[in-house]
1. Provide the percentage of antiparallel DSSP beta bridges, counting only those with both residues in region 13-221; round to the nearest 5.
2. Using alpha-carbon pairs under 8 Å, 6+ residues apart, how would you state the relative contact order of region 78-178 in percent?
3. Between ALA123, ALA112, ALA200, find the one with the highest GNM mean-square fluctuation for the chain; connect C-alpha pairs within less than 10 Å.
4. How would you classify region 61-115 from its alpha-carbon gyration tensor, with a ≥ b ≥ c the square roots of the eigenvalues: rounded for a/c under 1.5, else prolate if a/b is greater than b/c, otherwise oblate?
5. In nm, to one decimal, how far is the GLU135 label point from the ARG199 one, both placed 7 Å along Cα→Cβ?
6. Would you work out which of THR125, ASN70, LEU160 lies farthest towards the positive end of the dipole of region 13-221, given +1 charges on the beta-carbon of Lys and Arg and -1 on that of Asp and Glu, about the Cα centre?
7. So which residue, out of ASN59, ASN70, ASN99, gets the largest mean-square fluctuation from a GNM of the chain using Cα contacts under 10 Å as springs?
8. Quick check for you: which residues of region 98-134 have the amide N under 19 Å from the point 7 Å beyond the Cα of GLU80 toward its beta carbon?
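Every number here is computed from the coordinates shown, using simple stated rules; none is lab data. These numbers come from a predicted model, not from an experiment. Using ideal geometry, Cβ is built from the backbone for each residue, glycine included, and neighbour counts are taken over all protein chains shown.
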Amino acid sequence: MLTKLNNMFNTPVVVFDFETTGMSPTYGDRPIEVGAVRIENERIVDRFQELMNPGFRINGFIESLTGISNRLVAQAPPCETVMARFADWIGDAPLAAHNAGFDRKFLDAELALIGRSRENPMACTVLAARRLFPESPNHKLATLVGHLGICTDGTFHRALADAEMTGQLWIAMTDLLRERYGLDEIPFTLIQELTRIARAKVDRYVRAYADRQASSLASTNTP
């Protein structure tokens, strides 16, 4: 079992992405690629990427969308093998994904198939970006990448490329919180909480959080 995280201030965050055979594991869909980056101190410090064999042919639309062919997945290890390695690589780090509900379904379904489960907390960068970058034309990953000037080679719908860009989006969000509100620490739980509150309340919420953080630091430093 993946261990529940206790301290969320200075631990790594894993940002991940699946390419899949379809929209839902409920209908038998499975991953065909996983990509992930590990972020520490606002830097990507490690990467994970593997193709995997779902055990059946993928359709032409998925081949065209992702560039992942049936020949490639036929040569890849089975999902169970890759997911065991991925679960070990994740460890107990908190997780983030763009449109996290989609990736969460596949992660939890695949872990269940190998007798494992997830207790790692998870955040959605779509929801967080809606609160922190409301001026963006929309909050699709490609749009946010262009809006924020994130460097890209133009590759989308490949797991590692999407995870890399989502990781840079995560860093941009923490940079904004640090610079706009003078936060010394940005716990994972703060990003999670922002995804749950109304957009109109975000500024007041974060300013109140920053005041509490400043008061706590002042009391800690008082002789």
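1. So the antiparallel bridges in region 13-221 amount to around 75 percent.
2. Relative CO of region 78-178 lands at 24 percent.
3. Greatest mean-square fluctuation among the candidates belongs to ALA200.
4. Cα axes put region 61-115 in the oblate bin.
5. That separation, rounded to one decimal, is 1.4 nm.
6. The Cα lying farthest towards the positive end belongs to THR125.
7. ASN59
8. It comes to 106-118, nothing else.
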